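See structure below.
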Amino acid sequence: MQRSIHVATPPASPLLVFDGDCNLCRLWVRRWQQMTGASVDYLPAQDPRIAAQFPEIPSRQYDTAVVLIETDGRVYSGAEAVFRTWAHNPDRQWPLRGYEKSPPLASLAEWVYHLVAGNRTLFSQLTRWFCKGAP
């Protein structure tokens, strides 16, 4: 639950920034876009607008986790960013509630997130094998 970064120029809509060079990231972002519709914008970290508009966020942060920038300027990363992104769909708010109410669950979610992020190639292949509709 990291909330130490706050951007001076927040986006007009919540913005999830992801590693556009990562196949696993792109695959899951497509799924999340379907889930959130127009309520969340998505941009790869490699887009030059990201560094220009959000200089407060170190570029290395995008190498290890997705980053959600809310309209009030608050910045979240990792599993918390994922759950907050999903919560922009009224039917998907329950994971965030669990994350916020249970520190052990939040710790487990972050651990799993970083396990997957650290093994992107393996989990990309597993996703293709086990998830219907994955490219």
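Of all residues in region 94-119, those satisfying the criterion of being touching a helix residue (DSSP H, G or I) at 6+ places or on another chain (Cβ under 7 Å) and either surrounded by 15 or more Cβ atoms within 10 Å (Cβ to Cβ) or of a type in the set (Lys, Arg) (or both) are 95, 96, 99, 106, 109, 110, 113, 116, 117. The numbered conditions (1) more than 19 Å from residue 15 (Cα to Cα); (2) under 15 Å from the mean Cα position of the chain (by Cα) are all true for residue 108 except (2).
Would you point out which residue out of 99, 76 is farther than 21 Å from residue 20 by Cα, out of contact with any Asp or Glu (no Cβ under 6 Å at 6 or more places or on another chain) and among the aromatic types (Phe, Trp, Tyr)? Spell out how you get there, then give the answer.
Working: 76 fails: farther than 21 Å from residue 20 by Cα.
Exactly one residue qualifies, and that residue is 99.
Close Cβ contacts (under 7 Å, 6 or more residues apart or on different chains) running from residues in region 107-120 that are modelled with pLDDT of 95 or more to residues that are not basic (Lys, Arg) comprise 109/79; 109/99; 110/78; 110/79. Selection of region 34-50 for residues being more than 18 Å from residue 71 (Cβ to Cβ) and either acidic (Asp, Glu) or surrounded by 13 or more Cβ atoms within 10 Å (Cβ to Cβ) (or both) yields 35, 44, 45, 46, 47. Within region 80-97, residues that are under 14 Å from residue 42 (Cβ atoms) reach partners that are buried (at least 21 other Cβ atoms within 10 Å of the Cβ) and hydroxyl-bearing (Ser, Thr, Tyr) with beta carbons closer than 8 Å, at six or more positions or on different chains, in the pairs 84/76.
Where in region 1-89 are there helices (runs of 4 or more DSSP H), lying fully within it, with 1 or more residues that are among the hydroxyl-bearing types (Ser, Thr, Tyr)? Working first, answer last.
Details: elements: 23-36, 48-53, 61-64, 78-86.
Answer list for region 1-89: 23-36, 61-64, 78-86.
The values are calculated or read from the model by the stated rules, or taken from the named source; none is laboratory data. Here the structure is a predicted model, which means the values were calculated and not measured. Cβ atoms come from the backbone with ideal geometry, glycine included; neighbour counts cover every protein chain shown.
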